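S.K.: Sharing a structure, written as structure tokens. Questions coming.
The values are calculated or read from the model by the stated rules, or taken from the named source; none is laboratory data. This structure is a prediction, so every number in the text was calculated from the model and none was measured. No Cβ is skipped: glycine too gets one built from the backbone with ideal geometry, and neighbour counts run over all protein chains shown. Just so you know, the surface numbers come from the protein's heavy atoms only, side chains and all, with ligands and any DNA or RNA stripped out. Shrake-Rupley method; radii C 1.70, N 1.55, O 1.52, S 1.80 Å.
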Amino acid sequence: MQEQLNFLIQLQQLDKSIEQALVNAQENPRKREQIDQETQKIQEIFQAFKQEINEIKKQRKGLEREVEELEQKIKKSQVKLMEVKTNKEYRAMLTEVDELKKGKSGKEDLLLDFLERLEEGIKKEGVLKGDVEAQIAKGEFKKKELEKEGHELEEDLLKLNRKRKEMSALMEPGLLKQYEFLRDRLKGTAVAEVKEGACLTCHIHIPPQLYNELHRQDRIITCPSCLRILYLSIPAQSKEE
């Protein structure tokens, strides 16, 4: 019976390893998808910043055209100023030239501000581009690592399932059926260790008589509380040994 108990313990360890491998295998594609989402978000932020820079460039060109147009108007007004014949017309033309110069000065100040913003933006764009490329490369590296890990998990699962099949073949059919029944109903833990007279899964002390029987290892004993199959933390030596 000790041998069968040892098979049970190993089978449960195998099942827990298989369960964890399945969790990891399911998590693997989600991690890759998360990397793709993060990469897309980074690229969208960078594209939005580039669009902002392009908008500043358009506004700068518009301001440059307006400044040029005002310059042309000032020149034309100054020519007309030389042709006026009355003081009233002269004062009116002076006022017009003045207003045009003020307008041009305001546009030039605004243009200077746009040029400074554009210069800063271009510098920042270069830094951001480097950061984006580095993060994309890092993401691609992580994805390759995850793909490799995914293949390894598939291979591990095949090996674990093959080993489980071999282990199951060594067990008594009735005991295996009991194990599978308990495992399905007790959250994957069908076999529980006993230490210092207590079940380490439900933490209930088992009756002394049952504990003494457990030492003999001549039959399968289950916990009176959680119904799991019990085994001692230090298995008794077989008579052959």
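S.K.: Can you find a residue that is of a type in the set (F, W, Y), in a helix (DSSP H, G or I) and open to solvent by 70 Å² or more (accessible area, probe 1.4 Å) anywhere in segment 165-179? Before you say what the answer is, go through the steps one by one.
M.R.: Residues of segment 165-179 that are of a type in the set (F, W, Y), as a first pass: 179.
Narrowing the set further to residues that are in a helix (DSSP H, G or I) leaves 179.
Those left that are additionally open to solvent by 70 Å² or more (accessible area, probe 1.4 Å): none.
Among the residues of segment 165-179, not one is of a type in the set (F, W, Y), in a helix (DSSP H, G or I) and open to solvent by 70 Å² or more (accessible area, probe 1.4 Å), which makes the answer no.
S.K.: OK, next. Do we find that E38 is open to solvent by 80 Å² or more (accessible area, probe 1.4 Å), more than 30 Å from T222 (Cβ to Cβ) and either of a type in the set (A, V, I, L, M) or more than 48 Å from the chain's Cα centre (by Cα) (or both) in this structure?
M.R.: no
S.K.: Output yes when any residue across segment 154-165 is free of Cβ contacts under 8 Å to residues at least 60 places away in the same chain and under 18 Å from M1 (Cα atoms), and no when none is.
M.R.: Checked segment 154-165: no residue is free of Cβ contacts under 8 Å to residues at least 60 places away in the same chain and under 18 Å from M1 (Cα atoms).
S.K.: Determine, yes or no, whether K107 is assigned to a helix (DSSP H, G or I) and open to solvent by 80 Å² or more (accessible area, probe 1.4 Å).
M.R.: no
S.K.: Sort out which residues of segment 218-231 are farther than 13 Å from H205 by Cα and outside any loop (DSSP other than H, G, I, E, B), and write them in order of number.
M.R.: Hits for segment 218-231 are I229, Y231.
Each row is one residue, and each column tells you yes or no for (1) free of Cβ contacts under 8 Å to residues at least 12 places away in the same chain; (2) closer than 30 Å to I45 by Cβ.
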{"position": "E64", "(1), (2)": "no, yes"}
{"position": "I74", "(1), (2)": "no, no"}
{"position": "E83", "(1), (2)": "yes, no"}
{"position": "Y90", "(1), (2)": "yes, no"}
{"position": "T95", "(1), (2)": "yes, no"}
{"position": "D109", "(1), (2)": "yes, no"}
{"position": "F114", "(1), (2)": "no, yes"}
{"position": "L118", "(1), (2)": "no, yes"}
{"position": "L128", "(1), (2)": "no, yes"}
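S.K.: A further question on this structure: Going residue by residue through segment 3-20, is there one that turns out to be farther than 30 Å from L214 by Cα and either of a type in the set (G, A, S) or assigned to a helix (DSSP H, G or I) (or both)?
M.R.: Yes - at least one qualifying residue is present in segment 3-20.
S.K.: Out of all the residues in segment 65-95, which are acidic (D, E) and either open to solvent by less than 80 Å² (accessible area, probe 1.4 Å) or in contact with a strand residue (DSSP E or B) (Cβ under 9 Å, 6 or more places away or on another chain) (or both)?
M.R.: Looking only at segment 65-95, we keep the residues that are acidic (D, E), and these are 66, 68-69, 71, 83, 89.
Scanning segment 65-95 gives E66, E71.
S.K.: Do we find a residue being more than 30 Å from L115 (Cα to Cα), of a type outside the set (A, V, I, L, M, F, W, C), open to solvent by 60 Å² or more (accessible area, probe 1.4 Å) and part of a helix (DSSP H, G or I) anywhere in segment 44-64?
M.R.: Filtering segment 44-64 for residues more than 30 Å from L115 (Cα to Cα) gives none.
No, that holds for no residue.
S.K.: Oh, and also: Can you confirm whether segment 147-158 contains a residue that is aliphatic (A, V, I, L, M), open to solvent by less than 50 Å² (accessible area, probe 1.4 Å) and within 30 Å of A25 (Cα to Cα)? Step through it out loud before you land on a result.
M.R.: The initial filter retains those residues of segment 147-158 that are aliphatic (A, V, I, L, M), namely 153, 157-158.
Okay, now just the ones that are also open to solvent by less than 50 Å² (accessible area, probe 1.4 Å), so 153, 157.
Cutting the leftovers down to within 30 Å of A25 (Cα to Cα) gives us 153, 157.
Yes; the residues of segment 147-158 include at least one that is aliphatic (A, V, I, L, M), open to solvent by less than 50 Å² (accessible area, probe 1.4 Å) and within 30 Å of A25 (Cα to Cα).
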